[in-house]
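As structure tokens, the structure follows; a few thoughts come after it.
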Amino acid sequence: MREQERGGGESGREGRQELPPQSPEEQARAICLRLLTGMPRTRRQLADALEKRGIPEEVSQEVLSRYEEVGLIDDAAFAGAWVESRHRGRGLARRALAQELRTKGVHATLVQEALEQLDSEQEEQTARELVERKLRATRGLERDKRIRRLAGMLARKGYPEGMALRVVRRALETEGENGEGCPEG
């Protein structure tokens, strides 16, 4: 018996587990805290998780509202951090970032506010950096094929077509001026 009390023996993990919370409110709080421990989440992500686990809507809303009041849920801060992180880390443009935030349930006005961190000059600079990194991998290909590949890469990251083509053409011209690439065709 002492072996089970210490969590050893065959029951191992079971001996250490706490009893599950009894009320739906306790269950909702436990679920939210567990999810928020790993990483920040939006109100909608948490609401979806609670719904999936059968927590009644009114209980869910009450718990989520309380967590917002105390600052454990902050969709505006989430959106701002998301934009900063994904733009710097993955080079995503405003359009792609807006789509990701919408799928996470961030309200449109909060998405817009978060995207205001990025100006078009900064976005274009990031596009230039992405193209510079991929430019060498396309050497030896025909100019049109290089343009399509590089512009396609930018398009997948949410950059507008006009900006993507302008950045790619400029990069190819600069490469040609430096004598590193093939002449324009």
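A few comments on the model shown:
- With each label modelled as a point 7 angstrom along the Cα→C-beta vector, the E173-R95 pair spans 2.2 nm.
- For L118, the accessible area of its heavy atoms, probed at 1.4 Å with every protein chain present, is near 10 square angstrom.
- Centre-to-centre, using Cα atoms only, region 100-179 and region 22-76 are separated by 37 Å.
- For K145 and S120, the FRET efficiency from 1/(1 + (r/R0)^6), where r spans their Cβ atoms and R0 equals 25 Å, is about 0.35.
- 22 Å Cα-Cα reach of K52 towards lysines, excluding residues that sit fewer than 8 places from it in its own chain: K104
- Apportionment of accessible area to carbon and sulfur, region 106-146, percent (1.4 Å): 44
- Accessible solvent surface per residue of region 91-185, calculated while the other protein chains remain in place, 1.4 angstrom probe, Å²: 60
- Annotation for E132 and D48: the two label points, set 7 Å from Cα along the Cα-Cβ direction, are 3.7 nm apart.
- ³J(HN,Hα) computed for each position of region 25-42 - Karplus, 6.51 cos²θ - 1.76 cosθ + 1.60, integer Hz, glycine/proline x: 5, 5, 4, 4, 4, 5, 4, 4, 4, 4, 5, 6, 5, x, 6, x, 9, 7
- If you plug the beta carbon distance of R34 and T103 into 1/(1 + (r/R0)^6) with R0 = 22 Å, you get a FRET efficiency near 0.50.
- For region 44-176, projected area of the alpha-carbon convex hull averaged over all directions, nm²: 9.7
- Neighbourhood charge, 13 Å Cβ-Cβ cut-off, centred on V59 and excluding it, Lys, Arg +1 and Asp, Glu -1: -3
- Ordering K134, K104, K145 by accessible surface, largest first, gives K134, K145, K104; the 1.4 Å probe counts only protein heavy atoms, with every chain in place.
- Counted charge near H87, where neighbours are those whose Cβ lies closer than 9 Å (Asp, Glu -1; Lys, Arg +1): +2
- In region 72-124, GluC sites (Glu not before Pro) in a DSSP loop with at most 13 other beta-carbon atoms within 10 Å: E116
- With θ taken as phi - 60° and the Karplus curve 6.51 cos²θ - 1.76 cosθ + 1.60 applied, the whole-hertz 3J(HN,Hα) list for region 47-60 is 4, 4, 5, 5, 5, 4, 8, x, 6, x, 3, 5, 5, 4 Hz, x standing for glycine and proline.
The values are calculated or read from the model by the stated rules, or taken from the named source; none is laboratory data. Only a predicted model underlies this, so the values are computations on that prediction, with no experimental measurement involved. Positions of Cβ are backbone-derived with ideal geometry, glycine not excepted, and every protein chain shown enters the neighbour counts. Just the protein is used for accessible areas: all its heavy atoms, side chains included, with ligands, DNA and RNA removed. Shrake-Rupley method; radii C 1.70, N 1.55, O 1.52, S 1.80 Å.
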